[in-house]
Amino acid sequence: MQRGQTSKISINIMAQSVYLFSYKQGSSILHKIPACWKIIFIPFINLLFFLLPPYCVMILIFLQFVIARLLKFSLREQLCDIKPIIYYAVLLLIFKIFSCLIAFFNDFEWGLSPLKSFLEEIKLWWGQIYGEIEKKGGQTSMFFQHFSWESEKNTIFLLLKLLSIMQSASLIYKTSTSLEIREGIDSIETFIHKIFHINKANIITDSISMFLIFIPIISEIWDKSKKSWLVRGGKNSIKMYIVLFPLLFSVGMKKAYNMARAVSIRK
């Protein structure tokens with residue numbers, strides 16, 4: 001590869017940096033609301049999502065998407081923040097199809113002619129996919145007895161609720177800096193100490209804030225490592241993950257150690 005082409009690829013890849021739960025500067029109302037209020041109210045809203053009917057949650061997901069667009073968050077940034085739920089949904093789907101196939105072959109009645117019985121089942125399966133079951137007297141494919149809307153709707157509704165929760169968390173991270181999040185948690189703990197007359201220094205703030213702040217840091221480390229790999233001519237393959245995961249662990253541990261040491265020095 002020529003040097004000019006390499007530099008162009010490097011610029012294009014680095015220009016596409018979008019991290020999970022990364023802060024985005026702005027002057028919106030949500031940016032101006034103190035982080036402590038967002039940390040308090042958004043978890044309560046998330047609990048409400050689990051209590052609401054699934055169809056209401058779908059409306060809320062759409063409203064959150066509209067709010068994010070009004071705050072000038074790009075579609076790519078929003079997709080980046082809900083990517084873990086998408087991966088989780090795909091993983092669930094793969095395992096469910098695999099388990100349904102196992103159940104299907106265990107329950108299937110092969111009869112005297114196994115090949116003919118199997119082809120009949122495939123024909124019935126294909127007919128159900130394209131809505132032709134009614135023409136076959138309402139007979140249902142054995143596979144779809146294990147994998148159907150009725151059997152999977154609860155899982156789908158749960159994923160929608162998790163998606164709405166991820167969108168809510170994204171609004172906190174995108175409109176609050178790491179320092180604002182830490183100060184917000186500190187002010188909440190201080191307020192609790194005053195209510196219960198606890199004369200001790202805040203000890204929970206550091207643990208919770210470091211955990212919350214470390215999520216976008218890990219995402220940034222992984223994103224930079226992956227882009228460096230691609231810039232050097234590496235391919236997006238299994239080898240990349242084998243090489244980069246130990247690096248992610250090493251750099252992440254060092255970053256966590258430095259953060260913990262900085263917090264202890266400030267005390």
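The values are calculated or read from the model by the stated rules, or taken from the named source; none is laboratory data. What you see is a predicted model, and the numbers here were worked out from it, not measured in a lab. All Cβ positions, even for glycine, are placed from backbone atoms using ideal geometry, and neighbour counts span all protein chains on display. Just so you know, the surface numbers come from the protein's heavy atoms only, side chains and all, with ligands and any DNA or RNA stripped out. Shrake-Rupley method; radii C 1.70, N 1.55, O 1.52, S 1.80 Å.
Summary of values
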item: Restricting the range 163-186 to residues that are touching a residue at least 40 places away in the same chain (Cβ under 8 Å) and open to solvent by 50 Å² or more (accessible area, probe 1.4 Å), the residue that is nearest to the chain's Cα centre (by Cα); result: Ser178
item: Single residue of Ser219, Ser207, Ser250 found to be of a type in the set (Ser, Thr, Tyr), farther than 16 Å from Glu183 by Cα and open to solvent by 50 Å² or more (accessible area, probe 1.4 Å); result: Ser250
item: Failed condition for Leu212, given (1) under 16 Å from Lys24 (Cβ atoms); (2) open to solvent by 40 Å² or more (accessible area, probe 1.4 Å); (3) of a type in the set (A, V, I, L, M); result: (1)
item: Meets criteria (over 30 Å from Phe62 (Cβ atoms), open to solvent by 70 Å² or more (accessible area, probe 1.4 Å), free of Cβ contacts under 8 Å to residues at least 60 places away in the same chain and touching a helix residue (DSSP H, G or I) at 6+ places or on another chain (Cβ under 8 Å)) for Asn202; result: no
item: Ile238 being exposed (fewer than 12 other Cβ atoms within 10 Å of the Cβ) and under 23 Å from the mean Cα position of the chain (by Cα); result: yes
item: Single residue of the range 4-18 satisfying the filter (over 17 Å from Leu71 (Cβ atoms) and part of a loop (DSSP other than H, G, I, E, B)) that is modelled with the highest pLDDT; result: Ser17
